[in-house]
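Take a look at the structure set out below.
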Amino acid sequence: MLTITLLGTAATMPLPDRALSTAFAACGGHGLLFDCGEGTQAAARRAGVNLMRADTVCLTHYHGDHIFGLPGLLQTLGAQGRTRPLLLVGPKGLAGIWSAVRALTGPLPYAVRLQEADGPLALDALSEGWPAGAVLRPFATRHRVPSRGYRLDLPRAGRFDPAKARALNVPVPAWKLLQRGQSIPLESGAVVAPADVLGPARRGLRFVFSGDTAPCPALEQAAQNADLFLCD
């Protein structure tokens with residue numbers, strides 16, 4: 001359901017087989033890219049990660065070792081035929097950083113939307129590929145410049161019961177919609193709700209990513225009960 005790939009873990013100094021800070025969280029054919037250090041594209045190719053799936057790039061702060069891969073990545077996505085919008089999220093000062101990046105990339109065949117990381121982002125509203133209730137929550141970290149960490153909360157629906165779906169005459173292609181929390185109208189006029197074919201809700205998944213930071217209360221709070229916590 002959720003796959004985290006570390007594409008870069010080096011700090012300041014890239015190595016032949018170790019790119020600078022970046023990670024990719026994939027879920028349901030979509031994903032989030034956290035930071036975009038130098039070497040991100042090459043690392044993604046080596047890891048078999050398709051960055052065209054990214055809905056959002058989440059920047060922790062604007063030091064070069066966390067963002068120098070961004071202009072090249074944006075150009076490559078355009079060259080590969082991307083047309084759907086990309087959301088760029090980051091701490092205070094994002095508009096100024098984007099102005100510089102935009103000057104380097106030149107015209108792009110897709111829209112880049114900006115959002116300062118001040119409040120929660122409903123991912124299921126951003127793209128249909130995310131499960132209902134999926135939320136990205138920025139939080140303040142402690143660094144020499146404005147910085148943010150990110151907590152990804154993914155709810156998990158109950159287990160799908162194929163026997164119940166068949167008994168209700170739900171077409172197989174519609175099963176995945178029920179699993180994503182959508183109700184399905186049938187040709188008979190009846191409507192099948194997710195609760196009709198799913199068991200009790202299961203414990204959700206929580207992933208926390210932070211860039212450079214000193215220990216701070218917001219970081220400690222965000223990391224509570226996390227299934228995976230990365231500080232790069």
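What the table shows:
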quantity: Any hit, the range 119-137, residues being more than 16 Å from the chain's Cα centre (by Cα) and hydroxyl-bearing (Ser, Thr, Tyr); calculated: no
quantity: Residue list for the range 5-55, filter: part of a strand (DSSP E or B), surrounded by fewer than 17 Cβ atoms within 10 Å (Cβ to Cβ) and within 17 Å of the chain's Cα centre (by Cα); calculated: Thr5, Leu6
quantity: Where Ala100 falls short, out of the listed (1) within 21 Å of Pro146 (Cα to Cα); (2) touching a residue at least 40 places away in the same chain (Cβ under 8 Å); (3) small (Gly, Ala, Ser); calculated: (2)
quantity: Residue identified as assigned to a helix (DSSP H, G or I) and among the β-branched types (Val, Ile, Thr) among Thr60, Thr83, Thr76; calculated: Thr76
quantity: Any hit, the range 103-112, residues being open to solvent by 60 Å² or more (accessible area, probe 1.4 Å), in a helix (DSSP H, G or I) and either acidic (Asp, Glu) or more than 19 Å from Ser210 (Cβ to Cβ) (or both); calculated: yes
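Conditions tested, residue by residue: (1) open to solvent by less than 30 Å² (accessible area, probe 1.4 Å); (2) on the phi < 0 side of the Ramachandran plot.
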{"residue": "Pro185", "(1), (2)": "no, yes"}
{"residue": "Ser188", "(1), (2)": "no, yes"}
{"residue": "Val192", "(1), (2)": "yes, yes"}
{"residue": "Ser210", "(1), (2)": "yes, yes"}
{"residue": "Leu219", "(1), (2)": "yes, yes"}
{"residue": "Ala222", "(1), (2)": "yes, yes"}
{"residue": "Asn225", "(1), (2)": "no, no"}
{"residue": "Cys231", "(1), (2)": "no, yes"}
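The values are calculated or read from the model by the stated rules, or taken from the named source; none is laboratory data. Just so we're clear, the structure is a prediction, and the values are computed from it rather than from any experiment. Methodologically, a virtual Cβ is constructed for each residue, glycine included, from the backbone with ideal geometry; neighbour enumeration extends over all protein chains shown. Each accessible area value is taken on the protein alone, full model and side chains, heavy atoms only, with ligands, DNA and RNA left out. Shrake-Rupley method; radii C 1.70, N 1.55, O 1.52, S 1.80 Å.
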